[in-house]
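The values are calculated or read from the model by the stated rules, or taken from the named source; none is laboratory data. Note that the structure is a prediction, hence the values are computed from the model and not measured. Counting neighbours? That spans all protein chains shown, and the Cβs are built from the backbone with ideal geometry, glycine included.
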Amino acid sequence: MPDYPSKTQAFLDFERNLEYAKQLVQAGQHLEAIGVTSFDVGDLYRAAWVQAVAALDHWVHQEVYHRAILLAQQPGIPKPRKFREFTVPMDLFEDVHHGTVPLDQALRRHLRQVIGRRTFQGPEDIKDGFAIISDVALWDNAAKAVSEELPDGAKRLTAKEVKQMLGAIVWRRNKITHESDRDPDDDDRKRPISSSSAMDAVETLEVIAAAILVAVDRDPRP
């Protein structure tokens, strides 16, 4: 996993949520090992897959809220373009100006109202979310962070390849949640899934999120 300079509380919460997903995979492995056939053990792997993507989505929201508040609390530093262009209502300005609501509470509440319902799972959505708090070329820098952790001689990953890895995981998540993961060639069956593929998905999301954190922390702003 990329060696990030710091972990925010949001990222620590993300890691805990991923641990729940890993435990679902491990539970499925145990049930397979003892030969359970009374239900589809693969559904535990599907649940882990969905849990991991949900954890990523939640983390992006919380990370953006946290870092946007840090930026707002430091008026003397340069701000990302999208942060400067972010619209706030007059009642928020007045609440903060007159001291009736602390800045962090007012801004967090407004961010939740504006982007709280957005989904931050796919590569472009995640890039748009982090653009509020950073001008870095997100996926180029994330790919660099991932590649730096690969063993010597291994092929370096490009931004396109990292986005494709994430996109494939989100695509399968959507098939699970919206189509019950049905096999398109046989609607009576579900697509095959294994413990290894589910664990790979969870661990890949962990690596990608850590690389995003490294990329954002390379921005000189907080």
Quick one: is Q62 buried (at least 18 other Cβ atoms within 10 Å of the Cβ), under 24 Å from L213 (Cβ atoms) and either in contact with an Asp or Glu (Cβ under 8 Å, 6 or more places away or on another chain) or free of Cβ contacts under 8 Å to residues at least 12 places away in the same chain (or both)?
no
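Among K144, K155, K160, K175, which is the only one that is over 23 Å from E19 (Cβ atoms), assigned to a helix (DSSP H, G or I) and at pLDDT below 95?
Working: K155 fails: assigned to a helix (DSSP H, G or I); K160 fails: at pLDDT below 95; K175 fails: at pLDDT below 95.
Criteria check complete, one pass: K144.
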Would you mind stating whether L44 is modelled with pLDDT of 95 or more and either in contact with a Ser or Thr (Cβ under 8 Å, 6 or more places away or on another chain) or part of a helix (DSSP H, G or I) (or both)?
yes
If we take the stretch 71-121, then helices (runs of 4 or more DSSP H) inside it with 3 or more residues that are within 23 Å of the chain's Cα centre (by Cα) and basic (K, R) are 103-115
